[in-house]
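As structure tokens, the structure follows; a few thoughts come after it.
The values are calculated or read from the model by the stated rules, or taken from the named source; none is laboratory data. Computed from a prediction, not measured in an experiment: that's the story for all the values here. Methodologically, a virtual Cβ is constructed for each residue, glycine included, from the backbone with ideal geometry; neighbour enumeration extends over all protein chains shown.
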There are 2 protein chains.
Amino acid sequence: MAETMPNWLKKRAELSPDRVALIFEEHAYTYQQVFEKAKWYAGKLEALGLKKGGTAAVLFSNQAEAVFILYALQMAGIRVVILNHRLTAEELVWQLDDSQATVLVYETRFNGKVSEVPANARKISTKDLLETNGITPFILDEYELNEVTSIMYTSGTTGNPKGVMQTYGNHWWSTNASALNLGLHVHDKWLCTVPIFHISGYSILMRGQIYGMPIVLHSSFDEKKVLEDIGRYDITILSVVSTMLRRIIDRMGENKLPDSFRCMLLGGGPATLPLLQACLEKEIPVFQTYGMTETSSQVVTLSPEYSMERLGSAGKALFPNQIQIVNDAGEIVPPGAEGEIIVKGPNVTAGYLNRPEETADKIRDSWLYTGDIGYIDDQGFLYVLDRRSDLIISGGENIYPAEIEGVLQSHPGVADAGVIGMSDEQWGQMPVAFIVKKESGLRGEDLFAFCERKLAKYKVPKKVYFVDRLPRNAAKKLLRRTLREWLEAERDESEH
Amino acid sequence: MAETMPNWLKKRAELSPDRVALIFEEHAYTYQQVFEKAKWYAGKLEALGLKKGGTAAVLFSNQAEAVFILYALQMAGIRVVILNHRLTAEELVWQLDDSQATVLVYETRFNGKVSEVPANARKISTKDLLETNGITPFILDEYELNEVTSIMYTSGTTGNPKGVMQTYGNHWWSTNASALNLGLHVHDKWLCTVPIFHISGYSILMRGQIYGMPIVLHSSFDEKKVLEDIGRYDITILSVVSTMLRRIIDRMGENKLPDSFRCMLLGGGPATLPLLQACLEKEIPVFQTYGMTETSSQVVTLSPEYSMERLGSAGKALFPNQIQIVNDAGEIVPPGAEGEIIVKGPNVTAGYLNRPEETADKIRDSWLYTGDIGYIDDQGFLYVLDRRSDLIISGGENIYPAEIEGVLQSHPGVADAGVIGMSDEQWGQMPVAFIVKKESGLRGEDLFAFCERKLAKYKVPKKVYFVDRLPRNAAKKLLRRTLREWLEAERDESEH
């Protein structure tokens, strides 16, 4: 029998109708109000033909209306494909077609981008939605935990973005695992400046409903506004990536955060020693965490008391989770030995949309093979050495070299292409490309222009190096480690 | 696919080995130590032939060793039938035989009682256990949430005690539901003075493991020690029934509880106005709650801010739970209308051991028919009017009239018997009996002596009224309401 539980937002509106649910641009909405707003949108979506079991894609930035519509879709039992608005029209089309979403609901400000999207999906702007007469909507009384509610695309080593299916149960378990780890205080308020189209932001929305906790939502990250609002709203928890944390610390100057602030949840790659030392000096309680779209948010977290002692560690697996390190033969290796990180738990994705083979390859016997490399020390602390071997993390966005290489290789002037990350002060990393020419006249600018049409801006290589051939092994596998050595030599030279 | 999660105690020992898990008689045990103790006992139990899938009964009072052995059985995947040590030998035999437990593990101090138990189960005292050479035990790495871990007997309107099967999942969900309602603070400490053989105490043990929260365990309730330990250990949460709360308040005198104390969880029947007023005056944050063995603890809870405004209410259904009121035809009635309380949620029992018919009768379409009578107001607050029509709650113990009537009717001198509760200053309620004689020579003392052999002391009627006939309807159903009127008339008379 599938486990069910009451519709989260409806239940929350019943339990604590007058508690604040959302604060956006100085406007506060109670749970009752958010529920009414979401129901109101559900009535409009249903009037437009969207029904339980259907699939809608959304293209939203961090706005109150976006939250209401996301809740509306969840309550109506409509699967939502949450698109990243930084993607190009071409990338969006790929995800729309792959997900077979029948409708694309988009924020009116993305009109321009959406007009370039020649997808099969019917396009409905938030303005259209406001002008639609709603009906009394069907909303679910109960959520079945094994039903899919959200789909987020991630790329991977193969280059093709895949839709990660997240069930109601995935979010439920992740939400509870987080509470068991971080605690759940009566006066908690979570500040969300990370995108709600990422699991980092979307998971905060899930926690808000289930905890009955106010969320303060920012349309984008602005360290000045973050510091103001932490004081103004007595924020207790903030999710950040290193770049954001660095900027917050620089902005703080000699100030401290208020005592009520209790958790700086730091994701998107390990923190550097200077950053952690700055946090220690400023008494910022940093919880480093490791997670991914496939685990519906955090799966391993390090408590602040260990942040210096276990420098570079992502922590221990959350209460419902298990982690192991396996070698190429799939055998569990002893503590301290490197290998692929595999994770298990009820927050692990139900699989990749319409990709049974890739699902079977990545999830075996309930263990998710992350592709990330790391080791576990003898006390059970995880150290992540290399995210998915090749993953480039730039300002919290995941960039998969294979995807960029695919685009570059499709250019008629390119014979071969390899992409790696280059370390960057501000963004952590940036992609750079190594190119073997087919046409001698090919210039870097041609490739930049080409990529800008095909790829979100943050994925466009910042530099192009032309080389005679790429380092590939006998099986023709690209040796990115060699590319990294080349890059280092190149940078050393340019610095002399 | 059945949901699994890591072995709770093992996981907790991995996550926070040095955190205090249990304080008993001034001795503190860390999670690592409790895990080692439990493993040590598991090795002894296995050496004695107990294995995964087996069933053991335990007869324990609130002792540290009892906690270790309960954890050992849970980790080993051995179902545990948790016996109430206040039961008579005859009652114990019934539960042992019914549960088909192959082993009875008992505290050595219950030697006398156990020697009277002619059960098929092998009897092992805690002293025997200490003298047994243990082996390296098998312990579960993972718990399957739909597996049964504990069985507790409750009676009911039919009189025969039934074994309530509680799964790992029931306890997991109950634990999380409680956290979502009460919050989960980093410095929480739960004082357990209620019996660990009841769900009220056993559920605290489950929370301790899952939250990583210290439990202070008292061997029995003593208001003086409670008040001392609240101050001494910075207790934040205490589970009580009305009788206990009354005694605590009397003992407090002019004092207040420390600010760190944040939750007085009051179960076992609604509180009276004077009691709640006393709490208000003393600023005791009372959370009234409604729950039962079949829901693995709380299912409805009232927050302190509503305790006066919604006087007599048990509150709203916890986050994963739903409640409804139905009439005799099984139809849901409108707000304010009385009927049977039905509850739903993943903490509802998997059913009654070896009683598929009674299970099917009480759990229909995932709804548990509690037999309790109540109504829900237009704001969703539940009011319990009558616990299982006939349930007598005496000092937190549930007493089922039908069970006592069965015993009385088995006396050769009794033609008919009816039992109801009489209100009592100290215990809330006490059972009294109405008897139709078969032999004219029958005296009250004969019945008291007879009952004392057959029934736990708290179940023995405190008074016997001899009558010519009992009020029964056409279907011969006993009309307890009429008995209650008789009792009132009787008491009024005696007061004049």
Filter result for residue A:307 (in contact with a helix residue (DSSP H, G or I) (Cβ under 7 Å, 6 or more places away or on another chain), surrounded by 18 or more Cβ atoms within 10 Å (Cβ to Cβ) and without any contact (Cβ under 8 Å) to a residue 40 or more places away in the chain): yes
Whichever residue in region A:362-373 is within 22 Å of the chain's Cα centre (by Cα) and at negative phi and, among such residues, is farthest from the other protein chains (Cβ to nearest Cβ): A:373
Wholly enclosed strands (runs of 3 or more DSSP E) of region B:174-275 bearing at least 3 residues within 16 Å of the chain's Cα centre (by Cα) and without any contact (Cβ under 8 Å) to a residue 40 or more places away in the chain: none
Qualifying residue in region A:237-248 (condition: surrounded by fewer than 16 Cβ atoms within 10 Å (Cβ to Cβ) and away from chain B (no Cβ under 14 Å)): no
Subset tally (residues that are surrounded by fewer than 22 Cβ atoms within 10 Å (Cβ to Cβ) and within 10 Å of chain A (Cβ to nearest Cβ)) for region B:8-24: 4
Residue list for region B:359-388, restricted to those being closer than 29 Å to residue B:305 by Cα and part of a loop (DSSP other than H, G, I, E, B): B:377, B:378, B:379, B:380, B:381, B:387, B:388
Residues that are farther than 19 Å from residue B:65 by Cβ and out of contact with any helix residue (DSSP H, G or I) (no Cβ under 8 Å at 6 or more places or on another chain), drawn from region B:178-202: B:181, B:182, B:183, B:185, B:186, B:187, B:200
Number of the condition not met by residue A:223 [criteria: (1) crowded, with 20+ Cβ neighbours inside 10 Å; (2) under 20 Å from residue A:268 (Cα atoms); (3) not hydrophobic (A, V, I, L, M, F, W, C)]: (1)
Residue in region A:250-264 that is surrounded by 20 or more Cβ atoms within 10 Å (Cβ to Cβ) and over 20 Å from residue A:188 (Cβ atoms) present: no
Criterion violated by residue A:407 - all others in (1) touching a Ser or Thr at 6+ places or on another chain (Cβ under 6 Å); (2) buried (at least 18 other Cβ atoms within 10 Å of the Cβ) satisfied: (1)
Matching residues, region B:77-97, being more than 19 Å from the chain's Cα centre (by Cα) and buried (at least 18 other Cβ atoms within 10 Å of the Cβ): B:77, B:78
Matching residues in region A:385-396 - criterion: being at pLDDT 75 or above and either surrounded by fewer than 19 Cβ atoms within 10 Å (Cβ to Cβ) or of a type in the set (Lys, Arg) (or both): A:385, A:395
Scope region A:127-161; condition at pLDDT 90 or above, in contact with a strand residue (DSSP E or B) (Cβ under 7 Å, 6 or more places away or on another chain) and among the hydroxyl-bearing types (Ser, Thr, Tyr); matching residues: A:143, A:149, A:150, A:153
Test result for residue B:283, more than 26 Å from the chain's Cα centre (by Cα) and on the phi > 0 side of the Ramachandran plot: yes
Test: residue A:382 is under 22 Å from residue A:178 (Cβ atoms) and among the hydrophobic types (A, V, I, L, M, F, W, C): yes
Near pairs, Cβ below 6 angstrom, 6+ apart or cross-chain, from region A:396-417 (assigned by TED's automatic domain parsing to the domain that holds residue A:458) to any residue that is of a type outside the set (A, V, I, L, M, F, W, C) and part of a helix (DSSP H, G or I): A:397/A:458; A:399/A:459; A:404/A:459; A:407/A:454; A:417/A:405; A:417/A:409
Members of region B:432-466 found to be more than 17 Å from residue B:397 (Cβ to Cβ), in contact (Cβ under 8 Å) with a residue 12 or more places away in the chain, out of contact with any Pro (no Cβ under 8 Å at 6 or more places or on another chain) and not aromatic (Phe, Trp, Tyr), listed by number: B:435, B:436, B:437, B:441, B:442, B:444, B:446, B:453, B:463, B:464
Filtered residues of region A:142-156 (kept if assigned to a strand (DSSP E or B) and more than 19 Å from residue A:96 (Cβ to Cβ)): A:142, A:143, A:144
In region B:433-452, residue farthest from the chain's Cα centre (by Cα) [restricted to those that are part of a helix (DSSP H, G or I) and surrounded by fewer than 13 Cβ atoms within 10 Å (Cβ to Cβ)]: B:445
Checking residue A:411 against (1) in contact with a helix residue (DSSP H, G or I) (Cβ under 6 Å, 6 or more places away or on another chain); (2) under 27 Å from residue A:150 (Cα atoms); (3) assigned to a loop (DSSP other than H, G, I, E, B), the condition it does not meet: (2)
Among the residues listed as A:32, A:63, the single one being within 14 Å of another protein chain (Cβ to nearest Cβ), surrounded by fewer than 18 Cβ atoms within 10 Å (Cβ to Cβ) and within 29 Å of residue A:191 (Cβ to Cβ): A:32
Selection within region A:353-365 - surrounded by 15 or more Cβ atoms within 10 Å (Cβ to Cβ) and over 15 Å from residue A:155 (Cβ atoms): A:359, A:363
Cβ pairs under 8 Å, 6+ apart, first in region A:467-483 and assigned by TED's automatic domain parsing to the domain that holds residue A:443 and farther than 15 Å from residue A:434 by Cβ, second modelled with pLDDT under 85 and part of a loop (DSSP other than H, G, I, E, B): A:473/A:479
Of all residues making up region A:321-358, the number that are away from chain B (no Cβ under 14 Å), assigned to a loop (DSSP other than H, G, I, E, B) and under 30 Å from residue A:97 (Cβ atoms): 3
Matching residues, region A:171-192, being among the β-branched types (Val, Ile, Thr) and buried (at least 23 other Cβ atoms within 10 Å of the Cβ): A:175
Lone qualifier among A:33, A:74, A:63 - being within 30 Å of residue B:146 (Cα to Cα) and among the polar types (S, T, N, Q): A:74
